[in-house]
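Student: Dumping the structure here so I can ask a few things about it.
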Amino acid sequence: MARFQMKARPGKFYLRSGHGIRLIKAGDIIDCDPYEIRNHLNKFNHLDPEPSPAPQVEKLRAVKRSDGTGYDIVSSMTGSPINDTPLSFDEAISTADAIDDIDYEQDESKGTKDDEPTKGQ
């Protein structure tokens with residue numbers, strides 16, 4: 001349920017709901033679901049605050065470089081590597097674990113070791 005207040009303008013509104021028909025005048029506050037007044041939302045002000053979006057959590061993942069020289073630590077928020085030079089697999093894991101938890105991406109088509117990620121999204 002949400003709270004709505006009818007805007008100050010001439011006229012009235014009849015709200016048909018499961019509780020019968022109610023007369024709504026300018027300034028009246030009602031509790032109803034938005035679908036009940038869906039065609040008349042322009043006549044009402046929404047009084048409930050909008051929920052704030054959930055904060056994004058940055059995830060790090062080890063991704064093998066396309067040239068095969070080592071691994072990069074890639075941020076999920078930016079999609080770009082956070083390291084400047086290629087790292088070995090052990091360096092990438094230890095660095096990412098020191099910063100945050102790391103997601104491992106497996107490339108099953110190449111038959112690599114289970115503990116060694118080869119590709120990221």
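The values are calculated or read from the model by the stated rules, or taken from the named source; none is laboratory data. Quantities reported herein were computed from a predicted structural model and do not represent experimental measurements. Reconstructed Cβ throughout: ideal geometry from the backbone, glycine too, with neighbour counts over all protein chains shown.
Student: List the number of the failed condition for Asp48; all other conditions in (1) without any contact (Cβ under 8 Å) to a residue 24 or more places away in the chain; (2) in a loop (DSSP other than H, G, I, E, B); (3) in contact with a Phe, Trp or Tyr (Cβ under 9 Å, 6 or more places away or on another chain) hold.
Tutor: Status for Asp48: all satisfied but (1).
Student: Going by the conditions given, is Ala62 in contact (Cβ under 8 Å) with a residue 40 or more places away in the chain and either crowded, with 17+ Cβ neighbours inside 10 Å or in contact with a Ser or Thr (Cβ under 8 Å, 6 or more places away or on another chain) (or both)?
Tutor: Judged against the criteria, Ala62 is a match.
Student: Now, a different point. Would you tally the residues in segment 32-45 being modelled with pLDDT of 90 or more and part of a strand (DSSP E or B)?
Tutor: Adding up the residues that qualify gives 2.
Student: Would you say Ile73 is in contact (Cβ under 8 Å) with a residue 24 or more places away in the chain and surrounded by 15 or more Cβ atoms within 10 Å (Cβ to Cβ)?
Tutor: yes
Student: Scan segment 76-87 for residues that are surrounded by 14 or more Cβ atoms within 10 Å (Cβ to Cβ) and more than 19 Å from Gln56 (Cα to Cα) and report the count.
Tutor: So the answer is 3.
Student: So in segment 88-102, with the set limited to residues that are free of Cβ contacts under 8 Å to residues at least 24 places away in the same chain and surrounded by 14 or more Cβ atoms within 10 Å (Cβ to Cβ), which one is nearest to the chain's Cα centre (by Cα)?
Tutor: Among residues in segment 88-102 that are free of Cβ contacts under 8 Å to residues at least 24 places away in the same chain and surrounded by 14 or more Cβ atoms within 10 Å (Cβ to Cβ), the one nearest to the chain's Cα centre (by Cα) is Thr95.
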